[in-house]
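Worksheet: the structure to be examined is printed underneath.
Each reported figure results from applying straightforward, stated rules to the coordinates on display, with no laboratory input. Since we're looking at a predicted model, the values are computed, not measured. As a convention, Cβ positions derive from the backbone with ideal geometry for all residues, glycine included, and neighbour counts pool all protein chains shown.
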Amino acid sequence: MEEKIRQLTERVESSVLSCADMRTLNDLKVGVLGKSGELTAILRNIKDLPPEQKPAAGKIVNEARVKLEKIFAERGKALEEKELNEKLASEKIDITIDKNVLKGGLHPLNIVRNKIVDFFVSLGFIVADSPEIEKNYYNFEALNIPEDHPAREIQDTFFVTKDICLRSQTSTGQIRMMEKVKPPIKMISPGRVYRSDNPDATHSPMFHQIEGLVVDKNITMCDLKGILELFAKEIFGESTKIRFRPSYFPFTEPSIEVDATCSHCHGAGCRVCKGTGWIEILGAGIVNRNVLKNCSIDPDVYTGFAFGAGMDRITNIFHGITDARVPFENDVRFLKQFN
Ligand code: DAH
């Protein structure tokens, strides 16, 4: 019997090692230690032995049982661990990478807008919002635009009612700011504006402007020039130069239009600047005394400068886009190029 048990133990030991999964191991265990298992059968046979042999035989069988149980338990533990690791590996989900997901990106206009806003914020300007649906007062009267000014015509501005329009310029934000905050004021206000234009390569019924306003004691044209020079270099490159041309806006006096050297040909003349070497980038000037007065700011104490730039224009020049409609057609093939 002893020999039988030794052989059985040896055989089981090597079979256990070659068991590759829990299921096979369990089957094997049942076949040896189960109710009709091989070792259980040997144990049962003890009752047929002469009484004096029974204790020794019982001891041998029990020892074998303990040993085999230990062997099964150890292998079981190893297999369980192995199976768990395999399961974890096969069910692993990497939430950080999915190359098949389409990634969104910023619209070229927003890329330029962020750049402009970052620049002015770095100089201490605050960013202010202002309504797109606006009282005529803010779009015209307060900005010193007279009753008979052509911009007030129905063919130029979208009117919601007789007294309310879709703002045609972000200059409305100047008034909204000066009504609320007393100088010193240093703000920019980017946003949408609307004009009654038919869309073509250079016109759109909706476009984007950014307004700037600085009001304090002793603000002069030199301050305006210094800031706009830095601005043009920031957007179009270090070698950019600017020039002022006299102009007219009801809300500034004197008024200017500002040109920058063309960022594509650096002043030599090309398709983008229509051969002139210069590109108009914005309107600006010294805040008209009447505008300050309309906002209860004393023009004998305070002066200010203001500017308004077309952000779509700047974006299109920057990227060499020649048709203003294209950025708003939402063609992914076009938009993808900028991210
Ligand atoms: N509001 C003007 C426009 O829409 C742009 C402008 C010109 C804004 C001169 C200003 C300014 O603040 O000082 O054409």
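Partners of K67 within straight-line reach, counting aspartates and glutamates whose Cα lies under 13 Å from its Cα and excluding those fewer than 8 residues away in the same chain: E10, E13. Projecting the Cα atoms of P190, N144, F307 onto the dipole axis of the chain, where Lys and Arg carry +1 and Asp and Glu carry -1 at the beta carbon, places P190 farthest toward the positive end. Within a straight-line Cα-Cα reach of under 22 Å, K103 can be paired with the following lysines, leaving aside sequence neighbours fewer than 8 residues apart in one chain: K115, K336. When peptides 263-269, 196-202 are ranked by their average number of other Cβ atoms within 10 Å per residue, the highest-first order is 263-269, 196-202. Quick check for you: which residues of segment 253-281 have the amide N under 15 Å from the point 7 Å beyond the Cα of K115 toward its beta carbon? Under cut-off, by backbone N: 260-266, 281. Bridging of K162 to lysines at a Cα separation below 19 Å is possible for K135, once same-chain residues fewer than 8 apart are set aside. Each of I5, P131, F231 was placed along the dipole of the chain (beta-carbon charges, centred on the mean Cα), and the one lying farthest toward the positive end is I5.
Exposure proxy shown here: for R333, R152, the number of other Cβ atoms within 10 Å sets the order, fewest to most, as R333, R152. Size descriptors for the chain: radius of gyration and Dmax over Cα atoms are 42.1, 131 Å. Annotation for E253 and A151: the two label points, set 7 Å from Cα along the Cα-Cβ direction, are 1.6 nm apart.
Going by neighbour counts of Cβ atoms within 10 Å, the residues V181, V127, V287 line up, fewest first, as V127, V181, V287. Listed cross-link partners K59/K87; K35/K82; K182/K225 are compared with a 31 Å cut-off, the Cα-Cα value being larger for K59/K87.
Between the amide H of G269 and those of G277, distances stay under 5 Å, these residues lying 5 or more places away or on another chain, with hydrogens modeled in the peptide plane. Each label was represented as a point 7 Å from its Cα along the Cα-to-Cβ direction; for D98 and N85 these points are 3.0 nm apart. Computed over the alpha carbons of segment 2-90, Rg followed by Dmax gives 15.6, 58 Å. Shown here for segment 75-152: GluC sites (Glu not before Pro) in loop regions (DSSP other than H, G, I, E, B) with at most 12 other Cβ atoms within 10 Å, namely E91, E147. Using only side-chain charges placed at the Cβ, +1 for Lys and Arg and -1 for Asp and Glu, the dipole size of segment 108-338 relative to its Cα centre rounds to 440 debye. Overall, the ratio between the Cα radius of gyration of segment 278-339 and 2.2 N^0.38 Å, rounded to two decimals, is 1.76. For trypsin sites (Lys or Arg not before Pro), the sites in segment 268-318 that DSSP calls loop and that have at most 15 other Cβ atoms within 10 Å are R271, K274. Please find the FRET efficiency linking S239 to V332, where r is the Cβ-Cβ separation and R0 is fixed at 41 Å, and quote it to the nearest 0.05. With a Förster radius of 41 Å, E is 0.75.
Each peptide in 220-227, 97-104, 245-252 receives the mean, over its residues, of other Cβ atoms within 10 Å, and ordering these scores from highest gives 245-252, 220-227, 97-104.
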